[in-house]
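A.B. asks: Sharing a structure below in structure tokens format, with a few things to ask.
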Amino acid sequence: MKLVHVSNGPLPYHTPILNELGSLVDLHVVYMSADHPLGSFQDLWGTEPRYSYEMHWSVPLRWRSLDFRAQASLFVSRKLTRLRPDTVLVISWGPLTWEPLVWSRLNRAKAVMWSESTEFSGLLRGRVSNSIRRGVVSLADAVVTESSSATRYVRTLGASKVVTSCLPSPHVPRSTTGPRTEGGGTPAYLFVGRFTPRKRPLETIWAFEQV
């Protein structure tokens, strides 16, 4: 299967996921920006990408009084026509998403939405935003979420086919000891976050060693 992913820009916790996806299908990523609207990170990739990718272009849209940030772009459909994917994967709720989804409908390709939003974050964005998101979901054949709360949210938007991924990491060490009993044993610490250099997991371990 040939899969084209249209993405805002590289993110350190997306690249490992896309690398795994690229080992299963013929993956090509179209990035709309060399940066990402969420902010400037020291390491945008997180790890070396093992899939083919190219850059398109986009114009940032900002409305500071409403804390609104998005990207707008046109003619990415020309790249999709050249690549001829079986499935298009989109991740943005903003203007970048509509053209790939419409292209998928017109060219009888499958369209998948990758959603990280939850009901709480959706409510913060208001009724207008949720109405737009219902339109996006109506054009997608399936939605992939990263938690049960995100699944509940996209179902309220009308999604019927939803796949919930817990994103297990093969790099997270498994404990080999039994449960700690009260009043004894070694203290246990839980690291919550994606296992990427930007989250500084090793520095956390070194800090505990110092204290």
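The values are calculated or read from the model by the stated rules, or taken from the named source; none is laboratory data. The structure presented is a predicted model; accordingly, all values stated were derived computationally and were not measured. Quick reminder, even Gly has a Cβ in these numbers, built from the backbone with ideal geometry, and neighbours come from all protein chains shown. Side chains are part of the model used for accessible areas, which takes the heavy atoms of the whole protein and leaves out ligands, DNA and RNA. Shrake-Rupley method; radii C 1.70, N 1.55, O 1.52, S 1.80 Å.
A.B. asks: Can you list residue pairs whose Cβ atoms sit under 6 Å apart, with the first residue in region 73-88 being under 28 Å from Leu61 (Cα atoms) and the second being polar (S, T, N, Q) and modelled with pLDDT under 95? Count only pairs 6 or more apart in sequence or on different chains.
C.D. replies: Once the first residue is under 28 Å from Leu61 (Cα atoms) and sits in region 73-88, its partners that are polar (S, T, N, Q) and modelled with pLDDT under 95 give Ser73/Ser58.
A.B. asks: What pairs come up if the first residue lies in region 150-161 and is in a loop (DSSP other than H, G, I, E, B), the second is surrounded by fewer than 21 Cβ atoms within 10 Å (Cβ to Cβ) and acidic (Asp, Glu), and their beta carbons are under 8 Å apart, counting only those six or more places apart or on different chains?
C.D. replies: From residues that are in a loop (DSSP other than H, G, I, E, B), the pairs are Lys161/Asp141.
A.B. asks: I'm told Leu61 meets every condition in (1) in contact with a strand residue (DSSP E or B) (Cβ under 6 Å, 6 or more places away or on another chain); (2) at pLDDT below 95; (3) open to solvent by less than 30 Å² (accessible area, probe 1.4 Å) except one. Can you identify the failing condition by its number?
C.D. replies: (3)
A.B. asks: Just one of Leu66, Leu11 is over 23 Å from Trp103 (Cβ atoms) and either at pLDDT 85 or above or in contact with a Leu (Cβ under 9 Å, 6 or more places away or on another chain) (or both); which is it?
C.D. replies: None of the other options fit; the residue is Leu11.
A.B. asks: Could you list, in sequence order, all residues of region 76-93 that are part of a loop (DSSP other than H, G, I, E, B), closer than 16 Å to Leu139 by Cα and either at pLDDT 95 or above or open to solvent by 40 Å² or more (accessible area, probe 1.4 Å) (or both)?
C.D. replies: Hit for region 76-93 is Asp86, nothing else.
A.B. asks: Turning to a different aspect of this structure: Which members of region 94-110 meet the condition of being within 15 Å of the chain's Cα centre (by Cα) and outside any helix (DSSP H, G or I)?
C.D. replies: Answer for region 94-110, where residues must be within 15 Å of the chain's Cα centre (by Cα) and outside any helix (DSSP H, G or I): just Gly94.
A.B. asks: Now for a separate question. What are the residues in region 94-115 that are open to solvent by 70 Å² or more (accessible area, probe 1.4 Å) and farther than 23 Å from Val59 by Cα, if any?
C.D. replies: Arg105, Leu106, Arg108, Lys110
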